Amino acid sequence: MATNEQTAIIELKHIDKHFGSLHVLKDINLTVHKGEVVVIIGPSGSGKSTLCRTINRLETIDSGEIVIDGDILPQEGKKLARLRSEVGMVFQSFNLFAHKTILDNVTIGPREVLGTPKKKAEEEAMALLKRVGVENQAKKVPAQLSGGQQQRVAIARSLAMHPKVMLFDEPTSALDPEMIGEVLDVMTELAREGMTMVIVTHEMNFARRVADRIIFMDEGRILEENEPEAFFSAPGTQRAKDFLNTLKERDR
Amino acid sequence: MTIQELLAQFGDKYLQALITTYQLTFISFFLATILGVIITVMRVSPIRPLQIAADFYVQIFRNIPGAALLILLVYALPYLNIVLPYFTAVLIATTLIPSSFCSEYLMSGMNTIGAGQIEAARSLGMTFMQMIRHVVMPQAIRSSVLPMTNLLVATMLTTALASQVPLNPTDLTGIVSYINTHAVGGITAFLISAVLYCGTAVIIGQIGNQIDRKVRILR
Ligand SMILES: Nc1ncnc2c1ncn2[C@@H]1O[C@H](COP(=O)(O)OP(=O)(O)OP(=O)(O)O)[C@@H](O)[C@H]1O
Ligand SMILES: [Mg+2]
């Protein structure tokens, strides 16, 4: 997919961010192109979540510029809300709306934010729920579903907004092992269909399989950026080598 | 006087008193809930002056004694050339105080929601008001049914303040003093009012429990 005329969907330029005195993001520069799947890995506390969350301004930044499909992300206001709706986000803890049915969880965004009529929103939602394999749960509430099912609904909820890019922050980390596969399958399918994705994960086999590019972060910096085969077979930095070794230890 | 004698002579007065108490109770509670929701939205809004004003409001009305507020409304406001009918003055007092408690209950109801859902709403592109309307308030209200039930009972008891002003028809507490100035009702006159208050409270409690069971959010 590396053509000359790639469209940049996300451009991060010289992003810096502090939490108090803690410098969590240090001069981050990253461009994600249309249809690209970028996987961010790195040790705990390296700033992966924070980076993900700055992309739709769930976290503010101190300096730098975030461009979503050509539009500079503003600090606040209606324009920010609109641009946010173009960036889907899937969280570790699913975060479905506890009081709404599965169907309403998926229709609420389109109906309220995009102004989609109820009937159309419901048809689209049912199609999406079918796509992620939970269409027969539509009338239930989130607490009645397994974690894996909830996460698939969360993905459907984001997709219902027709986002230009999807962000995933450790989408399988809160799941029982037997449910990880079903969520990764949905994500693999999405990637195959050409969705632009930024994924934070510790699932290295999955990363190797679906990523076009691996970003390795450490202490708030992007230390390495490479194609998966190259990265996993020959990491360029000692930090990355150490990190991959600890993962191997863990999986043993 | 026996209960039968009292009811024979003052039965219709008791009925009117009960209606007055119910009117004050339910109108106040209705208005207090609306005010409570508005105050709560202000307290969680991103606009600092609104937060401060709403917090101040809650501090004032959560802490002022009902009788003091009623005295202010009835005796102090006329100095500002505002003369309220007695019923209105009582209604205002029994609305403002419960509204601050309502806001407190909604705030703790909100704490059950969790930051994750708020972030999910924001990342869908919802505005603050959309988030409040569709995600925050419905859950806050549904998890506050039991405290709000208690608040309804407390509001009813607060309406006894009405006995401090000359209302006609008077309320369930006022009727006791009325009877005791017109006849020798004694403790029995009070007993009838007490039974009516308690009976109503029990019914409210039952209904509240059932509503809570119906709307409780599975987590
Ligand atoms: N809201 C916050 N306030 C203060 N510090 C924070 C906040 N959120 C994160 N941090 C700190 O910022 C650093 C980066 O956190 P971040 O969550 O981005 O790391 P991460 O790479 O996602 O780690 P993990 O793999 O554990 O999820 C950490 O040191 C963390 O403690
Ligand atoms: Mg994280």
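Bear in mind that the values in this text are calculations on the coordinates, not laboratory data. No experiment lies behind these values; they were computed from the predicted model shown. Note: ideal-geometry Cβ built from the backbone for every residue, glycine included; neighbour counts use all protein chains shown.
So the values come out like this:
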| read-out | value |
| --- | --- |
| Pairs beyond 30 Å (Cα-Cα), from A:LYS78/B:LYS214; A:LYS119/B:LYS214; A:LYS13/A:LYS241; B:LYS13/B:LYS214 | A:LYS78/B:LYS214; B:LYS13/B:LYS214 |
| Rounded if a/c under 1.5, otherwise prolate or oblate - the protein assembly as shown, Cα gyration tensor axes | prolate |
| Amide proton proximity set for A:GLU225, modelled H, under 5 Å, gap of 5+ | A:PHE216 |
| Mean separation of Cα contacts under 8 Å, 6 or more apart, over the residue count of segment A:1-129: relative contact order % | 21 |
| Nonlocal amide H pairs with A:MET197, under 5 Å, H built at 1.01 Å | A:GLU36, A:VAL37, A:VAL38, A:MET166 |
| Interchain or long-range residues, amide H under 5 Å from B:SER144's placed H | none |
| Relative contact order for segment B:3-215, counting Cα pairs under 8 Å that sit 6 or more residues apart, in percent | 30 |
| Number of partner chain Cβ atoms within 10 Å, mean per residue of B:140-148 | 1 |
| Gyration tensor (alpha-carbon) shape descriptor, segment A:97-243, a/c threshold 1.5 | prolate |
| Local electrostatic count, A:GLY181, Cβ distance below 14 Å [Lys/Arg +1, Asp/Glu -1] | -4 |
| Length-normalised contact order of chain A in % [C-alpha pairs under 8 Å, at least 6 apart] | 26 |
| Helix runs (DSSP H) in chain B reaching 18 Å along axis by Cα, Kyte-Doolittle at least -1.0 | B:3-44, B:48-63, B:86-110, B:145-158, B:186-215 |
| Cα-based shape type of segment B:3-215, given that a ≥ b ≥ c are square roots of the gyration tensor eigenvalues and the cut on a/c is 1.5 | oblate |
| For A:155-162, mean number of other protein chain Cβ atoms within 10 Å | 1 |
| For B:ARG62, B:ARG142, order by how many other beta-carbon atoms lie within 10 Å, fewest first | B:ARG62, B:ARG142 |
| Set of aspartates and glutamates with alpha-carbon distance to A:LYS34 below 14 Å, sequence-local pairs under 8 removed | A:GLU5, A:GLU11, A:ASP69, A:GLU86, A:GLU193, A:ASP212 |
| Helix axis angle, A:147-159 relative to chain A longest principal axis, alpha carbon, degrees | 90 |
| Computed helical MRE - 222 nm, the protein assembly as shown, DSSP H runs ≥ 4 contributing -39500 (n - 2.57), nearest 500 | -17500 deg cm²/dmol |
